[in-house]
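See below for the structure under consideration.
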Amino acid sequence: MLDLAIRGATVYDGSGAPARRVDVGVREGRVTTVGPLEEAARETVEANGLALAPGLVDVHTHYDAQATWDSTLSPSPSLGVTTAVIGNCGFGIAPCPPAHRELLLKNLSVVEGMDLDALLAGTQWDFETFDEYLAALRRRRLFANVAVLAQHSTIRTAVMGEAACERAEVTSDELRRMRDIVRGAIRAGAIGLASSFSPNHSGWGSRPMPSTLAADDELAALVGVLGEERRGMFVSATGPRATPEYMENIAATTGRPAFIVTVLTMYNDAHPGQALDYYERCRAANERGHEVFIHASCQPLSFDFTLRDPYVLYSHGSFSRVKQADKADLPAVYGDPAFRSAFRADLARPKAGIIFAGDWGKIEIGQAATDSIRALEGRTIAELARESRRDPVDVLCETALADGLDTVFVGKFFNSDDDGVQPLLQHPAGVVALSDAGAHLKFLCDAGFGLHFLGHWVRERGAFTLEEGVRRLTCDPARKYRIPDRGRIAPGAWADLLLFDPKTVGISKLERVGDLPAGGTRMIRRPHGVHGVWVNGAQVFDGERYAALEAGPGHVLDRFLD
């Protein structure tokens, strides 16, 4: 007898092949039949022509801490995601000696925009090593499958402590210990290694995140372990330092695939050809037999920041004063006409590759602490400057000063032009990703990237057929990340399934909920057009609510293809 039968679905099997209306049978968590079903089933779902696709594969999430207190991994499963890769950018929580726990969480709270009180109250520390962390996740019985990256910054912190954020050079003993940790993680089941060279990745107290200080030979030694073990992939927030050619060299010397994450590969009105050039250079690398891919974002990319820690502006020389100033002295810096003049001069001659080049229509007030500034939420700096006949730099600084520097600004700098973004999403060197699910919870939620892709890029824009759109969200990332038996609806594949209505699929507007530990709030999105989500054959979401399961059906993935 089958455990589950889904009858009369229009099946998009993940391969890109034409859809067909058939039945799907499931037993012991795997698909047994795609076609006429002759066996009875303990549970039957009448699909009535709705689309049935593999569950979505999200290769860029930050659920590392949340997974220790929230087995549902909310909101991703409700948004169609059945497999998530965590540990991205080299930030996570394992391994972590007890003495460094607070440092790790403080850094994580800043670099990924997380609620520190929620992290401190919610993170369950029943592990120290990487393999103990995997075991802890297995005990949690998660609602989705997870694969975990070994994390360069986390490993550096475990070995060096506070010095990881301060010292570029490592001793031979420290490097040996880091290599041993990477090797142990890969052998325990890590999907690969993640790092960051991004100059925008700052941690607690505006100090650089550890991996951004690392020399090239340190990174080469760590990724070399992947080649020696002949397993795992490498993903990096590259910044301008790790070019496509730099990443190709890693792929060539290790024999492992390499993935690029950087705003330089996102469409930017100020440099309209820059992103596509990155993609073309990666295409050339692939044609030479070296796998180099780009995490392609299908949504406008937003950055949340305050003038207490304006990391998106640090690439401007004028902000060296901000980085060097004590927090108590920041109001004086922002009130200084000389600082404002220097900032204007930077914007008049923007450097290549910077995040913000002076389009004030792309910075809006997201959240404020005082009533007078709260009334301006949702307004752009350009609008306020125009209405008040003031310079935008003055508006930015004076708004923040009037709010005690607590104003949260949202910069919508990249991927805001669909005509510019579409060729990037269609490019073979890309993998649709970069949801950042689990991060930036106070202000944003991009976890619904897949449903947005199906609603906006497939249905509304017609940039992809539904068959190809499903492939891009399922089989394609699973194949490139070497995840076996996921991303397809085929006999023998794990039954990770998404039932949805192509006519209505999409995501809601942002909604604030107060369900984080220590009373913290977060922004979430809810699904439109979703009728069911199954993980390893068990339903975890019915379109309205999570299933009342004693234990989630998700697997901690630890075996990957060569």
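Points worth noting:
- Tally of residues being in a helix (DSSP H, G or I) and either surrounded by 24 or more Cβ atoms within 10 Å (Cβ to Cβ) or among the hydrophobic types (A, V, I, L, M, F, W, C) (or both) across segment 110-157: 19
- All of 341, 297 fail the test of being at pLDDT 95 or above and either within 22 Å of the chain's Cα centre (by Cα) or outside the structural domain of residue 403 (by TED's automatic domain parsing) (or both), apart from 297.
- When every residue of segment 310-321 is checked against the conditions, at least one turns out to be in contact with a strand residue (DSSP E or B) (Cβ under 6 Å, 6 or more places away or on another chain) and closer than 24 Å to residue 360 by Cβ.
- Selected residue [touching a Lys or Arg at 6+ places or on another chain (Cβ under 9 Å), in a helix (DSSP H, G or I) and not assigned by TED's automatic domain parsing to the domain that holds residue 358] from 384, 425, 441: 425
- Residue 104 being at pLDDT 95 or above, out of contact with any strand residue (DSSP E or B) (no Cβ under 8 Å at 6 or more places or on another chain), surrounded by 24 or more Cβ atoms within 10 Å (Cβ to Cβ) and outside any loop (DSSP other than H, G, I, E, B): yes
- Selection count, segment 507-558, where residues are assigned to a loop (DSSP other than H, G, I, E, B), surrounded by 13 or more Cβ atoms within 10 Å (Cβ to Cβ) and basic (Lys, Arg): 2
- So residue 278, is it assigned to a loop (DSSP other than H, G, I, E, B), of a type in the set (Phe, Trp, Tyr) and either touching a strand residue (DSSP E or B) at 6+ places or on another chain (Cβ under 9 Å) or crowded, with 19+ Cβ neighbours inside 10 Å (or both): no
- Close contacts from segment 304-323, counting a first residue that is of a type in the set (Gly, Ala, Ser) and a second that is modelled with pLDDT of 90 or more, with Cβ to Cβ under 7 Å and a gap of 6+ residues or different chains, come to 317/346; 318/339; 318/342; 318/343; 318/346.
- Pairs where the first residue, in segment 47-69, is under 16 Å from residue 498 (Cβ atoms) and the second is of a type in the set (S, T, N, Q) and surrounded by fewer than 24 Cβ atoms within 10 Å (Cβ to Cβ), C-beta under 7 Å, 6+ apart: 49/10; 50/10; 51/10; 52/10
- When the criteria are applied in full, residue 293 meets the requirement of being within 30 Å of residue 430 (Cβ to Cβ), touching a residue at least 40 places away in the same chain (Cβ under 8 Å), in a strand (DSSP E or B) and not polar (S, T, N, Q).
- Selection within segment 215-269 - closer than 14 Å to residue 293 by Cβ and of a type in the set (Phe, Trp, Tyr): 234, 259
- Flag: residue 121 matches the condition of being touching a Pro at 6+ places or on another chain (Cβ under 7 Å) and either at pLDDT 95 or above or of a type in the set (A, V, I, L, M) (or both).
- Screening residue 357 with (1) surrounded by 16 or more Cβ atoms within 10 Å (Cβ to Cβ); (2) in a helix (DSSP H, G or I); (3) not charged (D, E, K, R) gives one miss only, at (2).
- Checking segment 252-261 against the condition returns no match, with no residue being under 30 Å from residue 443 (Cβ atoms), out of contact with any helix residue (DSSP H, G or I) (no Cβ under 8 Å at 6 or more places or on another chain) and not in a strand (DSSP E or B).
- Unmet requirement for residue 501, which otherwise passes all of (1) touching a Ser or Thr at 6+ places or on another chain (Cβ under 9 Å); (2) surrounded by fewer than 20 Cβ atoms within 10 Å (Cβ to Cβ); (3) touching a residue at least 24 places away in the same chain (Cβ under 8 Å): (1)
- Segment 545-562, subset out of contact with any Ser or Thr (no Cβ under 9 Å at 6 or more places or on another chain) and more than 23 Å from residue 136 (Cα to Cα), residue modelled with the highest pLDDT: 561
- Note on segment 186-204: among residues that are part of a helix (DSSP H, G or I) and in contact (Cβ under 8 Å) with a residue 60 or more places away in the chain, the one that is surrounded by the most Cβ atoms within 10 Å (Cβ to Cβ) is 204.
- Evaluation of residue 372 against (1) in a helix (DSSP H, G or I); (2) at pLDDT 95 or above (one fails), failing number: (2)
- Residue 492 vs. criteria under 22 Å from residue 435 (Cβ atoms) and in a loop (DSSP other than H, G, I, E, B): no
- Filter result (out of contact with any strand residue (DSSP E or B) (no Cβ under 9 Å at 6 or more places or on another chain) and β-branched (Val, Ile, Thr)) within segment 244-271: 253
- Residue 100 being in contact (Cβ under 8 Å) with a residue 12 or more places away in the chain, more than 18 Å from residue 147 (Cα to Cα), assigned by TED's automatic domain parsing to the domain that holds residue 181 and not acidic (Asp, Glu): yes
- Hits in segment 71-101 - residues which are part of a helix (DSSP H, G or I), in contact with a strand residue (DSSP E or B) (Cβ under 7 Å, 6 or more places away or on another chain) and not hydrophobic (A, V, I, L, M, F, W, C): 76, 77, 78, 88, 90
The values are calculated or read from the model by the stated rules, or taken from the named source; none is laboratory data. Predicted model, so just to flag it, every value in this text is computed and none were measured. With ideal geometry, Cβ positions are generated from the backbone for all residues, glycine too; neighbour counts draw on all protein chains shown.
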